[in-house]
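The values are calculated or read from the model by the stated rules, or taken from the named source; none is laboratory data. Keep in mind the model is a prediction, meaning the values are calculated, not measured. Positions of Cβ are backbone-derived with ideal geometry, glycine not excepted, and every protein chain shown enters the neighbour counts. Areas reflect the complete protein model, heavy atoms only, side chains present, ligands, DNA and RNA absent. Shrake-Rupley method; radii C 1.70, N 1.55, O 1.52, S 1.80 Å.
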Amino acid sequence: MILSLAAALVLASPQTWTLDASRSQVSYQLVHKLHQFTGTDHRLQGRARVLPDGTVQVEIRGQVKDFDSGNSNRDEHMLETVEAEKFPEVLVRALMKGLVASGTRDGTARVEAKLHGVKQTEDVPLTVSFPTPGAAHVTGVFNESVEGFGIKRPTLLFIPINDAMKITVDIWFNRDGA
Amino acid sequence: MDFDLLPQSQPTASAATDVEKRIKRRRTMLQVHQGFGIATAALMAGTVITGQLNYSDRFGGGGSSGRFELLHDGLEAATTVSFATAGLLALLAPVPFDREKEGVDTVTVHKWSMLVATIGMASEIPLGIYTVSREGYVNQGTMALTHLVVGYVTAAALATGATALFF
């Protein structure tokens, strides 16, 4: 009786996961008529929570200044463009339903990204795999609109970059207490 | 989505206004810098072409008419002024954010290339004046060739510096 009550309590309590910053990265790719470039952030913070009904809540935070495109001047320009002095963070929240914690699964997550103080929400295809019981690997590629975040598109030689910003996600989570 | 899984971050201090002003000034200066950069590239191309034509005319069996000299001098002066203006705008632009990133990147290549181009242009002026002053002397051809070669090296440095920004 006591054991079954304990089991029910365990199943009913949310399970939490923490982002493994040493293996995770998020990058953006922007395209200009003359070239394209990618900026990557390896210094992310994140947590995930699996609710008893199987809904997964995820929150990931990055600092705009941590994105490295291999060109310090361009990175500085990006800080200026996204007004990093006022909006230093990129915050992503995601909801995924019906996730089963085993094998590899393709699914769609409702993602809310906040950049430049502006939120954009959309459905994003993601692949989630569980290589070991205590680890989860999330990958995905999707596009966001630069102007959708209220950002004036930066220019090079007076030509603005394309509006589409390709986001690539490669994130690892470790289950707390695993 | 109304859930918070991470601790709330501290709101930023309102030193933002000062940074904003510096950003605005930097953006304006670097936009104008790009304009002068494009102008410099076009003027440099003209300077090199007329310099080669002038050299061929004077020392390559072209009849030594001197018909490209004035145009070359004018373009050279305009290139120098445009280049210096572009350089000053970049050097004097305020830096609103602390620079944390070290190491070599494409901007490093841009800056070093422009330094080589600056040295090239600075040496071309006295070299050109000296070459003209050697009219009638045996070494004028050698000096003119040196001026020509330094001109090509300067143009190559300029092209390298500009191209580096596209990577």
Q) A:Lys97: which aspartates and glutamates have alpha carbons under 17 Å from its alpha carbon, excluding same-chain residues fewer than 8 sequence positions away? A) A:Asp53, A:Glu59, A:Asp106, A:Glu112, A:Glu122, A:Asp123, B:Asp2
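Using alpha carbon coordinates only, what is the Rg to Rh ratio of segment B:9-167, with Rh defined as the Kirkwood radius? Present the calculation step by step, with values, prior to reporting the outcome.
Details: Rg = 20.3 Å, Rh = 17.8 Å.
Using Cα coordinates only, the ratio equals 1.14.
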Q: Over chain A, with every protein chain in place, what whole percent of the accessible area is carbon and sulfur at 1.4 Å, could you tell me?
A: 57 percent
Q: Sorted from largest down, give the three principal axis spans of the alpha carbons of chain A, whole angstrom values.
A: 73, 29, 26
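Tell me which chymotrypsin sites (Phe, Trp or Tyr not before Pro) from segment A:71-178 have a DSSP coil assignment and no more than 16 other beta carbons within 10 Å of their own.
Numbers: sites: A:Phe142, A:Phe149, A:Phe158, A:Trp172, A:Phe173; in loops: A:Phe158.
Qualifying residues, ordered by number: A:Phe158.
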Q) How big is the A-B contact in terms of buried accessible area, both chains counted, 1.4 Å probe, rounded to the nearest 100 Å²? A) 3300 Å²
(Q) I'd like the orientation of helix A:72-81 relative to chain A: the angle between its Cα long axis and the longest Cα principal axis, in ° from 0 to 90, rounded to 10. (A) 80 degrees
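How big, in percent, is the set of alpha carbon pairs in segment A:112-178 lying more than 13 Å apart?
Cα-Cα pairs in segment A:112-178 separated by more than 13 Å: 72 percent.
Please give me, ordered by residue number, the trypsin sites (Lys or Arg not before Pro) of segment A:8-69 that lie in loop per DSSP and have at most 16 other Cβ atoms within 10 Å.
Numbers: sites: A:Arg23, A:Lys33, A:Arg43, A:Arg47, A:Arg49, A:Arg61, A:Lys65; in loops: A:Arg23, A:Lys33, A:Arg43.
Sparse-neighbourhood loop trypsin sites (Lys or Arg not before Pro): A:Arg23, A:Lys33, A:Arg43.
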Q. When the chain is fully extended, how far beyond the present Cα-Cα distance does B:Phe166 get from B:Ala84, taking 0.36 nm per residue of separation?
A. 27.3 nm
Q) Can you give the relative contact order of chain A as a percent, counting alpha carbon pairs under 8 Å and 6+ residues apart? A) 24 percent
Q: Over the whole of A:75-86, what's the average partner chain Cβ count within 10 Å per residue? Rounded to a whole number, please.
A: 5
Q | Accessible solvent surface per residue of chain B, calculated while the other protein chains remain in place, 1.4 angstrom probe, Å² | A | 58 Å²
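Note down, for the protein assembly as shown, the three equivalent ellipsoid semi-axes (square root of 5 times each alpha carbon gyration tensor eigenvalue), biggest first, whole angstrom.
Values: eigenvalues 713, 72, 47 Å².
Calculated on Cα positions only, the semi-axes equal 60, 19, 15 Å.
Going through segment B:73-167, which trypsin sites (Lys or Arg not before Pro) have at most 15 other Cβ atoms within 10 Å and a DSSP loop state? Can you show the working numbers first?
Values: sites: B:Arg99, B:Lys101, B:Lys111, B:Arg134; in loops: B:Arg99, B:Lys101, B:Arg134.
Counting only loop positions with at most 15 other Cβ atoms within 10 Å, the trypsin sites (Lys or Arg not before Pro) in segment B:73-167 are B:Arg99, B:Lys101, B:Arg134.
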**Q.** Listed residue pairs exceeding 21 Å between alpha carbons, taken from A:Lys65/B:Lys21; A:Lys86/B:Lys21; A:Lys114/B:Lys21; A:Lys119/A:Lys152
**A.** A:Lys114/B:Lys21
Q. Mind checking the angle between helix A:2-12 and chain A's longest principal axis? C-alpha axes, 0 to 90 degrees, to the nearest 10.
A. 20 degrees
Q) Using alpha carbons only, how many degrees (0 to 90, rounded to 10) separate the axis of helix B:69-92 from the longest principal axis of chain B? A) 20 degrees
Q: Just need log10 I(q)/I(0) for segment B:1-93 at q = 0.13, 0.24 Å⁻¹, Debye formula, equal scatterers on the alpha-carbon atoms, no solvent, rounded to two decimals.
A: -0.64, -1.07
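Keeping all protein chains in place, calculate the accessible area per residue for segment A:114-156 (probe 1.4 angstrom), answer in Å². Show your work: numbers first, answer last.
Numbers: 1960 Å² over 43 residues.
Result: 45 Å² per residue.
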